[in-house]
1. Considering segment 44-65 alone, what residues qualify as being without any contact (Cβ under 8 Å) to a residue 24 or more places away in the chain and polar (S, T, N, Q)?
2. Which one of the conditions (1) farther than 30 Å from VAL32 by Cα; (2) exposed (fewer than 15 other Cβ atoms within 10 Å of the Cβ); (3) at pLDDT 95 or above does ASN129 fail to meet, given that it meets all the rest?
3. Which condition does GLU29 not pass, out of (1) of a type in the set (Asp, Glu); (2) under 20 Å from ILE141 (Cβ atoms); (3) over 21 Å from the mean Cα position of the chain (by Cα), if it passes all the others?
4. Kindly evaluate GLY49 against the criterion of being of a type outside the set (Val, Ile, Thr) and over 23 Å from CYS115 (Cβ atoms).
5. Just to verify a result, which residue in segment 91-124, among those that are in a strand (DSSP E or B) and not hydrophobic (A, V, I, L, M, F, W, C), is surrounded by the most Cβ atoms within 10 Å (Cβ to Cβ)?
6. Among the residues in segment 144-155, are any open to solvent by less than 40 Å² (accessible area, probe 1.4 Å), under 24 Å from SER27 (Cα atoms) and under 12 Å from the mean Cα position of the chain (by Cα)?
7. Exactly one condition in (1) outside any strand (DSSP E or B); (2) over 14 Å from the mean Cα position of the chain (by Cα); (3) loosely packed, with under 14 Cβ neighbours inside 10 Å; (4) hydrophobic (A, V, I, L, M, F, W, C) is not met by ILE88; state its number.
8. Specify the residue that is least open to solvent (accessible area, probe 1.4 Å); the eligible residues are those in segment 29-82 that are farther than 23 Å from VAL96 by Cβ and among the acidic types (Asp, Glu).
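The values are calculated or read from the model by the stated rules, or taken from the named source; none is laboratory data. It should be emphasised that the depicted structure is a prediction, and the values quoted were computed from it without experimental measurement. Glycine also receives a Cβ, built like all others from the backbone with ideal geometry; neighbour counts cover every protein chain displayed. Note: areas computed on protein heavy atoms with side chains; ligands, DNA, RNA excluded. Shrake-Rupley method; radii C 1.70, N 1.55, O 1.52, S 1.80 Å.
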Amino acid sequence: MGHPVNAQIDLDRDVFLRTLVRELATSLEAVVGMEEASGYISLVGQAVGNQIDDMYLRALGVDRLSAEQVAEALVDLKRRIKGDFHVIEQDDTKIVLGNRACPFAEKVLGRESMCMMTSNVFGTIAARNLGYARVELQETIARGDAGCRVVVHLTPAGGPADGREYFGDADLPAAPPADVVPA
């Protein structure tokens, strides 16, 4: 009889955590449906996006990232978690990203709700720094596409309104000091 320690099993922390997220998404999709599952995963993605954005702001010593820095941060964060994102195109109105490898690897196949992590992390970071984002997942590995094509729209105008909108406070006036009472 063999010893479990010597068993050839593809199991490490990364595989375990990717499997955990997949099974959570599977359970949510089965119990509440795809739309609601995507909503729950969106909440997690927003919290993660806030935390990651804070990491980049602290590391770079800035209050806000520029549009170019946002694009670079999106690519960098995915690289750090084993994704293979790259900027296809960028201008004042959008950042178009491609991807050849999902951080969830094979665990994402057939679990489109897991793509809400990407949508919300990207949307949260872009909106917090630039005031607005609408993330459109045009192609995804989860749906069976060869890669992902993600468009982060930076302005509400132009084009069809596909995707999820995210709002930041970059264009809002600063709040009055706490001791000032509006008349």
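1. At the first step, the residues of segment 44-65 found to be without any contact (Cβ under 8 Å) to a residue 24 or more places away in the chain are 47, 51, 54-55, 57-63.
If the condition is that a residue be without any contact (Cβ under 8 Å) to a residue 24 or more places away in the chain and polar (S, T, N, Q), then GLN51 is the only one that fits.
2. Only one criterion in (1) farther than 30 Å from VAL32 by Cα; (2) exposed (fewer than 15 other Cβ atoms within 10 Å of the Cβ); (3) at pLDDT 95 or above is unmet by ASN129, namely (2).
3. With respect to (1) of a type in the set (Asp, Glu); (2) under 20 Å from ILE141 (Cβ atoms); (3) over 21 Å from the mean Cα position of the chain (by Cα), GLU29 is out only on (3).
4. In short, no.
5. My answer is ASN99.
6. no
7. Evaluating ILE88 over (1) outside any strand (DSSP E or B); (2) over 14 Å from the mean Cα position of the chain (by Cα); (3) loosely packed, with under 14 Cβ neighbours inside 10 Å; (4) hydrophobic (A, V, I, L, M, F, W, C) leaves (1) as the failure.
8. Top of the filtered list is GLU29.
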